[in-house]
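Remarks on the structure that follows.
The values are calculated or read from the model by the stated rules, or taken from the named source; none is laboratory data. Source: prediction; values computed, not measured. Please note: Cβ atoms are built from the backbone with ideal geometry, for glycine as well, and neighbour counts cover all protein chains shown.
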């Protein structure tokens, strides 16, 4: 049970990390100016900092998962459920396009997760 909670925590932190990084980079905008000024602007944007923190926390939690769980179980679960959640977050928060093909892909991924988990 603890392993499942750690995996869920790692997935949620991973998705939050990516979402915050995207929100931060939307605020920063495309590359402009010198590399140093762009890096400073990027690394002083609060959403980017929260995204980096969330992502590092996700990796840390994933390392705890790996200490107790098979890699062949943990990695597919983390990546596939993370992908599904990222697509949904992208659609709901960032208003990115969501086609029928993505719905089919999500269903296939979830079927794969069920099969890998057995």
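Listed here are the residues, each with its yes/no results for (1) surrounded by 16 or more Cβ atoms within 10 Å (Cβ to Cβ); (2) at pLDDT below 85; (3) farther than 14 Å from residue 15 by Cβ.
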{"position": "79", "(1), (2), (3)": "no, no, no"}
{"position": "87", "(1), (2), (3)": "yes, no, no"}
{"position": "96", "(1), (2), (3)": "no, no, yes"}
{"position": "104", "(1), (2), (3)": "no, no, yes"}
{"position": "107", "(1), (2), (3)": "no, no, yes"}
{"position": "116", "(1), (2), (3)": "no, yes, yes"}
Exercise for the section: Run down 60, 54 and say which single residue is under 16 Å from residue 13 (Cβ atoms), surrounded by fewer than 14 Cβ atoms within 10 Å (Cβ to Cβ) and modelled with pLDDT of 90 or more. Expected result: 60
Handout entry: Residues within segment 91-118 that are touching a residue at least 24 places away in the same chain (Cβ under 8 Å) and in a helix (DSSP H, G or I), tallied
Key = 6
Fill in the blank from the handout: So, first residue without any contact (Cβ under 8 Å) to a residue 60 or more places away in the chain and at negative phi in segment 33-49, second residue outside any loop (DSSP other than H, G, I, E, B) and exposed (fewer than 15 other Cβ atoms within 10 Å of the Cβ), Cβ within less than 7 Å, six or more apart or across chains; the pairs are 45/27; 47/27
Practice task
Kindly check whether there is at least one residue in segment 35-43 that is within 18 Å of the chain's Cα centre (by Cα), at pLDDT 90 or above and more than 16 Å from residue 9 (Cβ to Cβ).
Solution key: no
Exercise for the section: Residues being under 17 Å from residue 22 (Cβ atoms) and out of contact with any helix residue (DSSP H, G or I) (no Cβ under 6 Å at 6 or more places or on another chain): count how many of those fall in segment 63-85. Expected result: 1
Problem - Which numbered condition residue 27 misses (of (1) closer than 20 Å to residue 14 by Cβ; (2) loosely packed, with under 14 Cβ neighbours inside 10 Å) - result: (1)
Handout entry: Test result for residue 20, under 20 Å from residue 91 (Cβ atoms) and either crowded, with 19+ Cβ neighbours inside 10 Å or in contact with a helix residue (DSSP H, G or I) (Cβ under 6 Å, 6 or more places away or on another chain) (or both)
Key = yes
Practice task
For segment 63-73, name all the residues that are under 19 Å from the mean Cα position of the chain (by Cα) and surrounded by 12 or more Cβ atoms within 10 Å (Cβ to Cβ).
Solution key: 64, 65, 66, 73
Practice task
Could you please let me know if residue 48 is at pLDDT below 95, in contact with a helix residue (DSSP H, G or I) (Cβ under 8 Å, 6 or more places away or on another chain) and either in a helix (DSSP H, G or I) or surrounded by fewer than 16 Cβ atoms within 10 Å (Cβ to Cβ) (or both)?
Solution key: no
